[in-house]
1. Hey, in the GNM for chain B with a 10 angstrom Cα cutoff, which one of B:Asn328, B:Asn344, B:Asn395 fluctuates hardest?
2. Whats the longest run of chain A with zero trypsin sites (Lys or Arg not before Pro) that are DSSP loop and have at most 14 other Cβ atoms within 10 Å?
3. Show me, for the range B:154-171, the HN-Hα J-couplings you get by feeding each phi into the Karplus relation (A = 6.51, B = -1.76, C = 1.60, θ = phi - 60°), rounded to Hz, glycine and proline as x.
4. What stretch of chain B, leaving out the sites themselves, is the longest with no GluC sites (Glu not before Pro) in a DSSP loop having at most 15 other Cβ atoms within 10 Å?
5. Using unit Cβ charges (K, R positive; D, E negative) and no other charged atoms, how large, in debye to the nearest 20, is the dipole of the range A:205-281 about its Cα centre?
6. With +1 on each Lys and Arg Cβ and -1 on each Asp and Glu Cβ, how big is the dipole of the protein assembly as shown about its Cα centre, in debye rounded to the nearest 20?
7. Straight-line reach from A:Lys127: which aspartates and glutamates fall under 16 Å, measuring Cα to Cα and dropping same-chain residues less than 8 apart?
8. Give me Rg over Rh for chain B, both radii from the alpha carbons and Rh done the Kirkwood way, two decimal places.
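Only the coordinates and a few stated rules stand behind these numbers; no lab work does. Since we're looking at a predicted model, the values are computed, not measured. Here Cβ is always computed from backbone atoms with ideal geometry, including for glycine, and neighbour counts include all displayed protein chains.
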Amino acid sequence: MSKYYLNYLDELESEAIYILREVWAQFENPVILFSGGKDSILVTHLARKAFFPAKIPFALMHVDTGHNFPETINFRDDLVKELGVKLIVGSVQESIDNGRVAEEKGKNATRNALQITTLLDAIESNKIDCAIGGGRRDEEKARAKERFFSHRNDFGEWDPKNQRPELWNLLNGKHFEGEHFRAFPISNWTEMDVWNYIKRENISIPSLYLAHEREVVYRNNSWIPVSEFLKLEEGEKVENKKIRFRTLGDITITGGIESDADTLEKIVQEVSAMRKTERGDRSDDKRSETAMEDRKKQGYF
Amino acid sequence: MEIDNNQLLRFTTAGSVDDGKSTLIGRLLYDSKSIFEDQLESVSKTSAKKGHNGVDLALFTDGLKDEREQGITIDVAYRYFTTPKRKFIIADTPGHIQYTRNMVTGASTANAAVILIDARHGVIEQTKRHSFIASLLNIPHLIVCINKMDLVDFSEEVYSKIVGQFEEFSSKLLMKDVRFIPISALLGDNVVNRSESMEWYQNGTLLSTLENLHISSDINKIDARFPVQTVLRPQSEENRDYRGYAGRIASGIYRVGDEITILPSGFTSKIKSINAGDQEVEEAYAPMSIAMTLEDDIDISRGDMIVKKNNQPGLEQEFDVMLCWLNNDPAQARGKYTIVHSSNEQRAIIKNIVYKININTFERNTEDKKIEMNDIARITIRTNRPLMLDPYRENRNTGGLILIDEGTNETVAAGMVV
């Protein structure tokens, strides 16, 4: 006799598919926020399942800091082609050139916070009423408070103290002109769940997640990749290390870890023994205790 | 790790900081080795800054800036941990502020509720309130943790007295499965590791209880209900005739060849195929997300429900619900709201307030008709079109509904069909 209960990965998958279909049913013009990282790749994979055999009915939107890993961009373009979906790019460089934002100054300058303006501008100019993200509640304490359907006012702001309660599976995406929603179908997944699922489904991911030899510099307790954007500080030296990335973001602030995990099996093993959170190597989150909360309130991913 | 049969268990924790709720969650995470080094380091630093001896486990559940500053929880926070047996999702709900609203939210999807009682104080009003909500929301399993046993000399007598108090008042509530565990969240007794100070307690620790609860019957597998979320119509040449009804099975089991009825139209057909993602399957069950095709071409859209011919929900336009009010603006007598039930959305009017419930005494009040934030009342609703309803007690997914204020778009109430 067959069993009539789901294992936890199937249940998470079913929940995510339900949310993606609900987005499609409740909104006019939704997009998937696509960074080329594993979480947005996972969301895209789940969307493919949710609408099979039809095409994914959402465009992918990439907020491009201009500081990319070339691997990520190639991966993105290949995927867009394979799925036959539209790609929308919001460019931080353009926002800088147009004077919408100014480049940060100083030693630890990044374009991380600048993405907020580019993101909100792209949402407005493309008349997007729901942006689907790969945010997970286990990532960070402000994200632990997120709803599946998260309301943004007409300034794109999040008000964590006044969120709509979400009961059972009933999602309320009602909004007024100018407001929009963020939807988080993989809210309940942990890093471990993501990797177990990627392995189970054999989802292709950028090679950056697998251990590889790379020129890096040791900074803020992690290995920052050498790129055209990296300025060496005094006392820093370029080394060749076998590393991999646990998260992918802006190349100037994404630190790698030393690792020999060059297959999905090895990554799953490594992650299950991991003693540090994955965002521990992201200097964007290290700025202060409330770095994520502050950015999220303004409209960050 | 063998993950094929590992299930997901969602539980909610009720209690306040004073009961040691945050410490308990911190203890569960810490002893189940779900805390990472950088989290531990940051909490150790903060503990030292605050002058604590050792690590203050409660700090692991710290959330937003305001919450840390005020030492309270404002909103439901979700936490995750995994053991070799199960994956767990904790809906950590605040004890004091807006307790009803938040606990109802956390409880709506929970398999189990963990209710905390301070061993020094025994059953208090708050315990009754939390138990009432757990029963109202029909949470299948209730685990009552009698905490701070270290402060009452690990006394079996104190424990038994509190169990007695709980049994006394809870006999008036509808509950299926209640268990009691004496614990000390602070010292870790009977949370993950067995207590050495309470030899008299022979049952499982909190974690082993959570790991072994029978939850595969928590979802109704008898009454087949499939609310249609959306219709899939591929544009490609090879799938031109495909018309898939997509949704998440709310309850029951569907098989290819089943004779089905579409509600509210009443048309009948047979299931031709079932897709789970890109795989074709012979049968599917709740809570799977699927797409099905039918033998006949029938006009079906979002909001319709596909059920079995011989087992149908009620088709009702006027019905009673237990309502929990979730918004700062009070309910308007004869007010009009948008009602959302499964994938169906209609308009509703609050026709009558039958009674309000005092959730501390469980008494009914038929005089007071003002419904405000956190109030629970039995009301009569009338809708513009019939809804496909089951009693909430029999089916949480097709017996639960929400009301939305048409002026603000906010979710203002949760309702459970009586």
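1. Result: B:Asn328 has the largest fluctuation of those listed.
2. Details: sites that count: A:Lys3, A:Lys86, A:Arg100, A:Lys105, A:Lys107, A:Lys127, A:Lys161, A:Lys231, A:Lys237, A:Arg275.
Result for the longest clean stretch: A:4-85.
3. Once rounded to whole Hz, the list reads 6, 7, 5, 4, 4, 4, 4, 5, 5, 4, x, 4, 5, 4, 4, 6, 7, 5.
4. Numbers: sites that count: B:Glu2, B:Glu196, B:Glu199, B:Glu282, B:Glu295, B:Glu363, B:Glu367, B:Glu372, B:Glu394, B:Glu406.
Looking at chain B, B:3-195 is the longest stretch - no exposed GluC sites (Glu not before Pro) with at most 15 other Cβ atoms within 10 Å.
5. On the way: 12 positive and 15 negative charges, 46 e Å.
Approximately 220 debye in magnitude.
6. Numbers: 93 positive and 111 negative charges, 199 e Å.
Its charge dipole is roughly 960 debye.
7. A:Glu28, A:Asp154, A:Glu177, A:Glu179
8. Numbers: Rg = 23.7 Å, Rh = 23.4 Å.
Expressed as Rg/Rh, it is 1.01.
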